[in-house]
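Accompanying notes for the structure given below.
The values are calculated or read from the model by the stated rules, or taken from the named source; none is laboratory data. As the structure is a prediction and not an experimental result, all values here were calculated from the model. As a convention, Cβ positions derive from the backbone with ideal geometry for all residues, glycine included, and neighbour counts pool all protein chains shown.
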Amino acid sequence: MTAASGLSTPRTIGRKVGIGGRFSPYLYVAPFFLLFLAFGAGPLLFTGWVSLHSWAPLETEHPFIGLDNYVAMFSDARFWKALGNTFTIFLLSTIPGLLLSLVIASALNNRSLKVKTFWRMALLVPNITPLVTVTLVFASIFGRDYGPIAWVLQTFGLPKIDFEGNALLTQGVIALMVIWRWTGFNALIFLAAMQAVPASLYESAEIDGASRWTTFTQVTLPMIRPTILFSVVTSTVGGLQIFTEPLIFTDPFGGNNGQGLTMTLLVYGQAFSSFKFGYASAIAVALLFIVLAIAGINFLIARLIRSA
Amino acid sequence: MKAPKKAVLLAIAALSIPVLAGCTPGTASPSDEKITLNVWGFAALSEPLVEQYEAENPNITIDVKISDYDASHQALLTALAAGQGPDIGQIAIDYMGEFVATPAAFTDLRPFGAEDIEGDYLDWRWAGGVADDGSVVGIPTDVGGMAIAYRTDLFEQAGLPTDPAEVSALWPTWDDYIATGAEYVAATGGTFVDSGKSVFRAVSNQGDLKYVDADGEPIFETNPVIRDAWDYGVAAIDAGLSANVGTFSAEWNAALASGAIATLPAPAWMLGYMQGQAPDTEGLWNIATLPGTAGNDGGSFLTIPKAAKHAQEAYDFITWLEAPEQQLALFQENNTFPSTPVLYEDPDVLSLTNPFFQDAPVGQIYVESVKAVDGHPVGPKDRIIEGQFQNGLGRVDGGQQSGEDSWKQTIEDANRELGN
């Protein structure tokens, strides 16, 4: 590193970095990537490989059938039903859920709020409750014959509601379980972002005579936009893979008419009930691409909003 | 140098005798190795019998892992697919069709002498454990038999007879059963049976063919037994008999206790379940024969996966556990009905009564029902097809579709499951 050539070479700031130093950042992140390769990328590629075969788990021979599984998938009514159900549940749970999280976060963003820590911990409790327990409790609350809602209906002489019998009701209850679970979590994330907004912005808004609503939409929301995008993406990835709730609320088939059948439930059913690992892998790969596509769309929209 | 060499030779000879003796196959003392047999199942093994076996064979410990019905089969499937598995796997009759289709995943029990005990078991039940290539995959445990458990107090309220013989005479055929049910509904306004599916299941198991024929070809679309079973299920629903609760669901348990279920097609193993779920209804139930008498629902097999470490000991245990003497003890303990016909003449079995059910002669009733069964061929996709029919009747029960529309959709769904 001499200046003999006359060109200005940037001096390394700090101490000299040797060969080991050049590689040390990669060494620091290597453990994660090695684990990811073993438990993430490896199985992913294997799933893709299995999807090209007719793979019955107990058989020793697995004939290669190319893209037949995918062709069958696109003409399978169950696949489209599962796709529709998954999107319905996703929209029903994500949109109200995130709006509710925003409202709760802004309510907690009040500096004169008492026992702040208690409120914040309370928000997390739904998130840490075991999923199976939550689903069982919701199933009994929304039971047709016995349960609090059935009891209330009976007291008022109203007809029974079969939440499991109607597709929209089933999906609504599942969406409700998802909202219940994740609203607090997302609210905490939004709250953290809101607390990072500089107070000077609020002061200048106050001086300009902005109302609470205008402050919220013109100051708070734009400042936490990256966080909102993060929450939307994580909610998307999670919401498109809902599994335990429909499994326990309905049954492994997704109900009498597949009303609770989500993509992941279909993968599970095809693999472990119908013993068709190849077909299930094909559906799983399709799900991967759908999730990637939606995440990509989210990203593009965010770029457009930012540049607008 | 000769003397030391001789001494060395003698020493070697002296040492090698016990070593050689130990190496001779078959002479190793059975109480040398400590063996743990891993059992995976969905129904608890009888504690007294397990303890008895462990006492008689002190070197063997039996480690039982019980999971939920579906979960235990999936765990077994994943283990077998990975080339692993327990020493003994319990597989329910509904799942057995798909497991027995790949006998390579299991240890063939014929070399251990399975063919010698074949005659001890019901032939149609034994056949379910034999693969196409002739290898014996599993030893049968119990069979279900089938009868109708009914509430004497509710029958009294409806003006129906309560004596078991008279009640059995009410319904020699399923048409009579539905007619009786309609009478009950008219008299009390309550529901008569738990679901249309329940009626379907009982009727569909009565023929000598079910979803597949002897060659494994699917015949559910044209088999009159299935069509009749469907029609009876729909008739029960249309006549208002059905409480529309899924078997073993939380609502079913509640309905049992609350009296929304006046009659229940019940295999022998369900009696213990009812006692557990609705203990307050003790003394209010009795048992009558099924319309058509013959019937069976349930049962399982004990299999030995290929990867089992102690196949011989596992075989010894399962054949001991399912031998007639032990099956008798099981029957007396919790009404698990034996699959060994020699017991059907046994006075201990024939005289067994159940106090929870007003001392109903459960032994006699279930023996009659099992003896009348011919058994039917089971195919690998039977469970999936059954699931479609159950969904179909569930749709009718829930008022989502008419009987005819649901039948068409069911056949479509079943064919699609088979085809793909």
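List of remarks:
- Pick from the range A:265-284, criterion free of Cβ contacts under 8 Å to residues at least 60 places away in the same chain and either of a type in the set (S, T, N, Q) or not in a helix (DSSP H, G or I) (or both), ranking: farthest from the other protein chains (Cβ to nearest Cβ): A:Q270
- Test for A:I161: is it at pLDDT 90 or above, out of contact with any Leu (no Cβ under 6 Å at 6 or more places or on another chain) and surrounded by fewer than 17 Cβ atoms within 10 Å (Cβ to Cβ): no
- Residues in the range B:332-361 that are within 18 Å of the chain's Cα centre (by Cα) and surrounded by fewer than 23 Cβ atoms within 10 Å (Cβ to Cβ): B:Q332, B:E333, B:N334, B:P341, B:L343, B:Y344.
- Scanning the range B:151-173 finds no residues that are under 20 Å from A:P57 (Cα atoms) and away from every other protein chain (no Cβ under 14 Å).
- Within the range A:222-234, the set of residues being hydrophobic (A, V, I, L, M, F, W, C) and either free of Cβ contacts under 8 Å to residues at least 40 places away in the same chain or not in a helix (DSSP H, G or I) (or both) comprises A:M223, A:I224.
- Condition met for B:G276 (of a type outside the set (F, W, Y), in contact with a Leu (Cβ under 7 Å, 6 or more places away or on another chain) and free of Cβ contacts under 8 Å to residues at least 60 places away in the same chain): no
- A count restricted to the range B:208-254 and to residues that are in a loop (DSSP other than H, G, I, E, B), surrounded by 19 or more Cβ atoms within 10 Å (Cβ to Cβ) and within 13 Å of chain A (Cβ to nearest Cβ) stands at 3.
- Restricting the range B:366-398 to residues that are of a type in the set (A, V, I, L, M, F, W, C) and more than 30 Å from B:T340 (Cβ to Cβ) leaves a set whose member that is surrounded by the most Cβ atoms within 10 Å (Cβ to Cβ) is B:L393.
- Qualifying residues in the range A:175-188 (those that are hydrophobic (A, V, I, L, M, F, W, C) and under 14 Å from the mean Cα position of the chain (by Cα)) - the one nearest to A:I89 (Cα to Cα): A:A175
Condition check ((1) within 19 Å of A:A271 (Cβ to Cβ); (2) in a helix (DSSP H, G or I); (3) within 14 Å of chain A (Cβ to nearest Cβ); (4) basic (K, R)) across all residues:
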| site | (1), (2), (3), (4) |
| --- | --- |
| B:E51 | no, yes, no, no |
| B:A55 | no, yes, no, no |
| B:T61 | no, no, no, no |
| B:K65 | no, no, no, yes |
| B:A75 | yes, yes, yes, no |
| B:P86 | no, no, no, no |
| B:I91 | yes, no, yes, no |
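- Residues (modelled with pLDDT under 90, exposed (fewer than 10 other Cβ atoms within 10 Å of the Cβ) and among the aliphatic types (A, V, I, L, M)) located in the range A:1-53: A:M1, A:A3, A:A4, A:L7, A:I13, A:I19
- Subset of the range B:66-123 (residues that are charged (D, E, K, R) and under 22 Å from B:G134 (Cβ atoms)): B:E98, B:D108, B:R110, B:E115, B:D116, B:E118, B:D120, B:D123
- Residue that is nearest to the other protein chains (Cβ to nearest Cβ), among those in the range B:369-414 that are among the polar types (S, T, N, Q) and in contact (Cβ under 8 Å) with a residue 12 or more places away in the chain: B:N391
- Yes/no for A:F216 being assigned to a helix (DSSP H, G or I), closer than 20 Å to A:R111 by Cα and at pLDDT 90 or above: no
- If you check A:V178, A:V232, A:V197 for being in contact with a helix residue (DSSP H, G or I) (Cβ under 7 Å, 6 or more places away or on another chain), surrounded by fewer than 17 Cβ atoms within 10 Å (Cβ to Cβ) and of a type outside the set (S, T, Y), only one passes: A:V197.
- Hits in the range A:73-105 - residues which are closer than 30 Å to A:T215 by Cβ and surrounded by fewer than 18 Cβ atoms within 10 Å (Cβ to Cβ): A:L91, A:I95, A:P96, A:L99, A:L100, A:V103
- Once the range B:99-133 is narrowed to residues that are within 15 Å of the chain's Cα centre (by Cα) and part of a loop (DSSP other than H, G, I, E, B), the residue that is farthest from the other protein chains (Cβ to nearest Cβ) is B:L122.
- You will find that of B:G387, B:G403, the residue that is in the same structural domain as B:A165 (by TED's automatic domain parsing), modelled with pLDDT of 90 or more and within 22 Å of the chain's Cα centre (by Cα) is B:G387 and no other.
- Conditions (1) more than 24 Å from B:H376 (Cα to Cα); (2) assigned to a helix (DSSP H, G or I); (3) not assigned by TED's automatic domain parsing to the domain that holds B:L330; number of the one not met by B:F200: (1)
- Among the candidates B:P140, B:P103, the residue that is of a type outside the set (S, T, N, Q), under 16 Å from B:A92 (Cβ atoms) and in contact (Cβ under 8 Å) with a residue 24 or more places away in the chain is uniquely B:P140.
- Number of the exception - A:N69 against (1) within 14 Å of another protein chain (Cβ to nearest Cβ); (2) in contact with a Ser or Thr (Cβ under 7 Å, 6 or more places away or on another chain); (3) surrounded by fewer than 18 Cβ atoms within 10 Å (Cβ to Cβ); (4) in contact (Cβ under 8 Å) with a residue 60 or more places away in the chain: (3)
- Qualifying residue in the range A:223-231 (condition: more than 21 Å from the chain's Cα centre (by Cα) and among the small types (G, A, S)): no
- Of the criteria (1) β-branched (V, I, T); (2) within 14 Å of chain A (Cβ to nearest Cβ); (3) within 30 Å of B:Q52 (Cβ to Cβ), which one B:T336 fails: (2)
- Residue satisfying all of: in the range A:160-188; assigned to a helix (DSSP H, G or I), within 18 Å of A:G255 (Cα to Cα) and not hydrophobic (A, V, I, L, M, F, W, C); nearest to the other protein chains (Cβ to nearest Cβ) among these: A:T170
- Search result, residues across the range B:141-182 that are more than 19 Å from B:N205 (Cβ to Cβ) and part of a loop (DSSP other than H, G, I, E, B): B:A158, B:G159, B:L160, B:P161, B:T162, B:D163
- Residues in the range A:144-177 that are in contact (Cβ under 8 Å) with a residue 40 or more places away in the chain, of a type in the set (A, V, I, L, M, F, W, C) and touching a Gly at 6+ places or on another chain (Cβ under 7 Å): A:I174 alone.
- For A:M263, the test of being of a type in the set (A, V, I, L, M) and at pLDDT below 90 is failed.
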